[in-house]
1. In the stretch 63-83, is there at least one residue being assigned to a loop (DSSP other than H, G, I, E, B) and either under 18 Å from the mean Cα position of the chain (by Cα) or under 19 Å from Ile128 (Cβ atoms) (or both)?
2. List the pairs whose first member sits in the stretch 52-72 and is charged (D, E, K, R), whose second member is surrounded by fewer than 13 Cβ atoms within 10 Å (Cβ to Cβ), and whose Cβ atoms are under 8 Å apart, counting only residues at least 6 apart or on separate chains?
3. For the condition surrounded by 10 or more Cβ atoms within 10 Å (Cβ to Cβ) and either closer than 19 Å to His127 by Cβ or in contact (Cβ under 8 Å) with a residue 60 or more places away in the chain (or both), what is the one hit in Ala47, Ala17?
4. Ser104 is checked against (1) within 21 Å of Lys51 (Cα to Cα); (2) at pLDDT 85 or above and fails just one. What number does that condition carry?
5. Just name the residue that is least open to solvent (accessible area, probe 1.4 Å) out of those in the stretch 106-132 that are in a loop (DSSP other than H, G, I, E, B) and out of contact with any helix residue (DSSP H, G or I) (no Cβ under 9 Å at 6 or more places or on another chain).
6. Being at pLDDT below 85 and either open to solvent by less than 100 Å² (accessible area, probe 1.4 Å) or in contact with a helix residue (DSSP H, G or I) (Cβ under 6 Å, 6 or more places away or on another chain) (or both) is the filter here; which residues of the stretch 2-14 pass it?
7. Please pick out the residue among Ile60, Ile18, Ile28 that is in a helix (DSSP H, G or I) and either small (Gly, Ala, Ser) or closer than 15 Å to Leu95 by Cβ (or both).
8. Among the numbered criteria (1) modelled with pLDDT under 80; (2) polar (S, T, N, Q); (3) touching a strand residue (DSSP E or B) at 6+ places or on another chain (Cβ under 9 Å), which one does Asn31 miss?
Amino acid sequence: MEMKRMYDGGKIITGLAIAVGLLLFPLIYYNAGKAAKAPEPELTPKAKEAKVCVEPKLYIRPQHMKMLDDWRHGAVRLGDRLYASSSGKIYEKSLQNTCMECHSNKTKFCDQCHNYMGVSPYCWDCHIAPKEKE
């Protein structure tokens, strides 16, 4: 069996490379180095006054969802309703009574970061969304 030769293969490959380049140009050129700045969530006056969270900011930002899941599991399934923070302070394992006490503005605090990250947490499937406080 004889292999057929591709005529004008160089022109075809060059044309495909140019087409791919033109299609990707807007994505590469217009978005190069222009990632959106991460939002800085607004704290309520009570949170500013407290100056400390349940855990340090460097821990709580990336780990808060896992921590809330652990809290839910411990409180609902095991009856363990108290959390000892790394500072030794004891907190109630409660999204609404602990976290939302200081971070009561869901739009300016929670939603701002969740929208930036493109995540849709399921907290409000069970919990009552807080009334916005200024």
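1. yes
2. From the stretch 52-72, the pairs are Glu55/Gln63; Glu55/Ser86.
3. Ala47
4. Here Ser104 clears every test but (2).
5. Gly118
6. Selection gives Asp8, Gly9, Gly10.
7. Just one listed residue meets the conditions, Ile60.
8. Condition (3) is where Asn31 drops out.
The values are calculated or read from the model by the stated rules, or taken from the named source; none is laboratory data. Remember, predicted model here, so these are calculated numbers, not experimental data. So basically every Cβ, Gly included, is an ideal-geometry build from the backbone, and we count neighbours across all protein chains shown. Please note that ligands, DNA and RNA were not included when accessible areas were found on the heavy atoms of the full protein model with its side chains. Shrake-Rupley method; radii C 1.70, N 1.55, O 1.52, S 1.80 Å.
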